[in-house]
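The next block holds one structure in the form of structure tokens; read it before the comments.
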Amino acid sequence: QNNAHQNQKTQYYAVLAFLPKIAMALAVGASFLALEKAGFTADSDNSEEALGALVIIYAIVPCLIKAASAGLL
């Protein structure tokens, strides 16, 4: 039974290690889709709207999420 407990703990640890990675992958994917929808392209001049979307997605949203997390703590 002790070995079964150890296996269960290992599986829980693996899931906990996997969750941040999948969350980051989903966030990056959603960010790229949102930037594409806003008309942002990395290899050309971008409109003010596209640059504004870049600032919002990569600067403001993470700050808001961190502030909300700090508030919940």
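Solvent-accessible area per residue in the chain equals 86 Å², computed with a 1.4 angstrom probe and all protein chains kept. With the cut-off at 14 Å, report for the range 15-54 the share of all Cα pairs above it, as a whole percent. Here the long-distance tail beyond 14 Å is 53 percent of all Cα pairs in the range 15-54. Computed from Cα positions, the angle between helix 61-72 and the longest principal axis of the chain comes to roughly 40 degrees. Dipole orientation for the chain: of the candidates A23, L33, V55, A23 has the Cα lying most toward the positive pole (charges on Cβ; Lys, Arg +1; Asp, Glu -1). Which of L35, L54, L16 ends up with the largest GNM mean-square fluctuation for the chain, with Cα atoms connected below 10 Å? Most flexible of the set in this elastic network: L16. Over the chain, dividing the summed -39,500 (n - 2.57) contributions of all DSSP H runs of at least 4 residues by the number of residues returns a 222 nm mean residue ellipticity of -26500 deg cm²/dmol. At a 1.4 Å probe, what is the % contribution of carbon and sulfur to the accessible area of the chain? Solvent-exposed carbon and sulfur of the chain make up 68 percent of the total.
Simple point charges give the picture: +1 on the Cβ of Lys and Arg, -1 on the Cβ of Asp and Glu, and for the chain a dipole about the Cα centre of about 620 debye. Translational diffusion coefficient of the chain (Stokes-Einstein, Kirkwood radius from Cα pairs, 10 °C, 1.306 mPa s): 105 µm²/s. With R₀ set to 35 Å, the beta-carbon distance separating F18 from L51 gives a calculated FRET efficiency near 0.55.
The values are calculated or read from the model by the stated rules, or taken from the named source; none is laboratory data. Just so it is clear, the structure is predicted and the values come from calculations on it, not from any experiment. Don't worry about glycine lacking a Cβ; one is built from the backbone with ideal geometry, like all the others, and counts go over all protein chains shown. Surface areas here come from the heavy atoms of the whole protein model, side chains and all, with no ligands, DNA or RNA. Shrake-Rupley method; radii C 1.70, N 1.55, O 1.52, S 1.80 Å.
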